[in-house]
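Note sheet for the following structure.
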Amino acid sequence: MNAIHKKFPEGFLWGGATAANQMEGGFHEGNKGLNIADVLPGGKERLNVLKKPGFNFEIDNEKYSYPNHEGIDFYHRYKEDIALFAEMGFKVYRMSIAWTRIFPNGNELEANEEGLAFYDRIFDELHKYGIEPVVTISHYEMPLNLVKNYGGWRSREVVTFFERYVHAIFNRYKDKVKYWMTFNEINSALHFPIMSMGFSVEKEEDKYQSIFQGFHHQFVASSIAVKACHEIIPGAKIGCMILVAPVYSYDCNPENVMYSLQEEQIFNFFCGDIHVRGEYPAYSRRFFKEHNITLDIHEGDLELIKENTVDYIGFSYYMSLTQKKDKSGLETTPGNLFEGVKNPFLKASDWGWEIDPTGLRIILNKLYDRYQLPLFVVENGLGAYDKVEEDGSINDDYRIDYLRSHIEAMCEAIEDGVDLMGYTSWGCIDLVSASTGEFSKRYGFIYVDKHDDGSGTLERKKKKSFYWYKDVIFSNGEGL
Ligand code: BG6
């Protein structure tokens, strides 16, 4: 049999990804209002602090540090950073708009000109180098006013505020942005609603009712965004963004296989099924019944959702998940906002996330079989400790190995027949970790001199992976 020459298609969208709240800083500048990320404390205890009942969404400088306030100061250093992205040859740069730069409290009638002008400057700078922005409309940065006074996405009123926000940005940036995405990792709310939905679940019995009602509001809001995007920016593409982790059954016991299938349906596929197919999937009926979920659906919602489905599927992939119905006695493994049982075949990152490039090929195949829409890997990468050597070099071979194996897996999936439009590796420049608020959990090709204790000059340095990724892009994936 002839060896297949594996290649990436012409025009493949290579690049990197970030989110406003994890890197911009300038949290009070340009009339920006406070958002949910501004009250997230730094440090490994971040998620536990947020999970404590009665978390009050206030800044407490006596008790905690708030690394997102300064981020890596992209707000002032974007020209230097974008020049480095251009040097690597980025075709696209995935970023998010901070909703509170445009509507500081979320519910104003008029957009904030200073915020709009800031992103004009970013998009112009990107276009100067021929880099297309891929913009996430909402990436874990809901206006704090909507969190505190409306209960986040639990409230139907938020849909109206979001509609105003998307109209403002589509009208303003219609000549500058061709690729959009609605809600970052929308399905993450299933495990952890604070960051994406802006509320915590106080009583376990209300958990699913509030989360699935929040999802419904987001599906309506997403369809409003898709409709507006297509009307205001003909030719633009707008996608959803889901967190995926293929779910493996711990063993071939059919009970565990069924359990893993259900986990996969509700976690990996539920949101995508609605975004792509425009209707609630059959399996959700039983899930809603068994979890006492009754959705408040307004007249016209289901038609709107059906008529305004997404153009592509953006997703993040860091790891797979192994599941067993009864986990007692088994070692568990931490993950990207979820937990499974340890997979004996996989090694893990410094933060315990299991590294599984074949899992990426598996999920690419599964998603494409299911949806037949273009896929876009908009997050993938290795959070690791980096060491600056005496001569200033940073030899992050472990990161190169991780990325190489995942890019190879994408290549295999393309060969399998998957329509993959691009790849933006996460945290192309070091930034604040979402789950731990640490700087030391680094993902970048570009090192930023900033540390967990708040010290650091913010100087940027190119890591070994910077030069490697540049070769990958310039050879369109041949120079792996
Ligand atoms: C994704 C998020 O879940 O994973 C990003 O969309 C996040 O915001 C990334 O930073 C990596 O997670 P972490 O917790 O290592 O920063």
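Which of the numbered conditions does residue 456 fail, given that it passes all the others? Conditions: (1) touching a Lys or Arg at 6+ places or on another chain (Cβ under 6 Å); (2) farther than 18 Å from residue 79 by Cα; (3) crowded, with 18+ Cβ neighbours inside 10 Å. Result: residue 456 passes all but (3).
Among residues of segment 292-314 being closer than 10 Å to residue 275 by Cα and β-branched (Val, Ile, Thr), the one that is surrounded by the fewest Cβ atoms within 10 Å (Cβ to Cβ) is 309.
Yes/no per residue for (1) in contact with a Leu (Cβ under 9 Å, 6 or more places away or on another chain); (2) more than 13 Å from the ligand (Cβ to nearest atom):
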residue: 393; (1), (2): no, yes
residue: 400; (1), (2): no, yes
residue: 406; (1), (2): yes, yes
residue: 417; (1), (2): no, yes
residue: 425; (1), (2): yes, no
residue: 435; (1), (2): yes, no
residue: 440; (1), (2): no, no
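Looking only at segment 182-212, how many residues end up being over 26 Å from residue 334 (Cβ atoms) and buried (at least 19 other Cβ atoms within 10 Å of the Cβ)? The total comes to 1.
Among the residues of segment 372-388, are any of a type in the set (Phe, Trp, Tyr) and assigned to a strand (DSSP E or B)? Before you say what the answer is, go through the steps one by one.
Going through segment 372-388, the residues of a type in the set (Phe, Trp, Tyr) turn out to be 376, 385.
Adding the requirement that they be assigned to a strand (DSSP E or B) leaves 376.
Within segment 372-388, one or more residues are of a type in the set (Phe, Trp, Tyr) and assigned to a strand (DSSP E or B).
If residue 341 satisfies every condition in (1) within 21 Å of residue 44 (Cβ to Cβ); (2) among the β-branched types (Val, Ile, Thr); (3) in contact with a Lys or Arg (Cβ under 6 Å, 6 or more places away or on another chain) but one, which is the exception? With respect to (1) within 21 Å of residue 44 (Cβ to Cβ); (2) among the β-branched types (Val, Ile, Thr); (3) in contact with a Lys or Arg (Cβ under 6 Å, 6 or more places away or on another chain), residue 341 is out only on (1).
Are any residues in segment 442-458 away from the ligand (no atom under 11 Å from the Cβ) and farther than 18 Å from residue 89 by Cβ, and if so, which ones? 447, 448, 449, 450, 451, 452, 453, 454, 455, 456, 457, 458 - these are the residues of segment 442-458 that are away from the ligand (no atom under 11 Å from the Cβ) and farther than 18 Å from residue 89 by Cβ. All of 199, 192 fail the test of being modelled with pLDDT under 95 and under 16 Å from residue 21 (Cβ atoms), apart from 192.
Out of segment 269-281, which residues are in a helix (DSSP H, G or I) and either acidic (Asp, Glu) or modelled with pLDDT under 95 (or both)? Spell out how you get there, then give the answer.
Within segment 269-281, the first condition is being in a helix (DSSP H, G or I), and the residues that meet it are 269-277.
Selection gives 273 alone.
All told, residue 328 meets the bar of being assigned to a loop (DSSP other than H, G, I, E, B) and over 30 Å from residue 231 (Cβ atoms). Checking each residue in segment 331-376 for being modelled with pLDDT of 95 or more, within 19 Å of residue 259 (Cα to Cα) and within 16 Å of the ligand (Cβ to nearest atom) picks out 359, 363.
Given segment 1-109, what helices (runs of 4 or more DSSP H) lie entirely inside it while holding 1 or more residues that are away from the ligand (no atom under 16 Å from the Cβ) and crowded, with 19+ Cβ neighbours inside 10 Å? Spell out how you get there, then give the answer.
Details: elements: 20-23, 46-51, 74-88, 99-102.
Counting at least 1 such residues, we get 74-88, 99-102.
Against the conditions (1) assigned to a loop (DSSP other than H, G, I, E, B); (2) in contact with a helix residue (DSSP H, G or I) (Cβ under 7 Å, 6 or more places away or on another chain), residue 188 satisfies every one except (1).
Name the residue that is nearest to the chain's Cα centre (by Cα), counting only residues in segment 309-328 that are within 11 Å of the ligand (Cβ to nearest atom) and of a type in the set (Gly, Ala, Ser).
Taking segment 309-328 and keeping what is within 11 Å of the ligand (Cβ to nearest atom), we get 314-319.
Okay, now just the ones that are also of a type in the set (Gly, Ala, Ser), so 314, 316.
Details: 314: 9, 316: 6 Å.
Looking at the filtered set, the residue picked out is 316.
Cβ separations smaller than 8 Å between residues 6+ apart or across chains give the following pairs from segment 133-156 residues that are free of Cβ contacts under 8 Å to residues at least 60 places away in the same chain to residues that are within 14 Å of the ligand (Cβ to nearest atom) and in a loop (DSSP other than H, G, I, E, B): 138/184.
The values are calculated or read from the model by the stated rules, or taken from the named source; none is laboratory data. Quick caveat: nothing in here was measured; it's all calculated off a predicted structure. All Cβ positions, glycine included, derive from the backbone under ideal geometry; neighbour counts span all protein chains shown.
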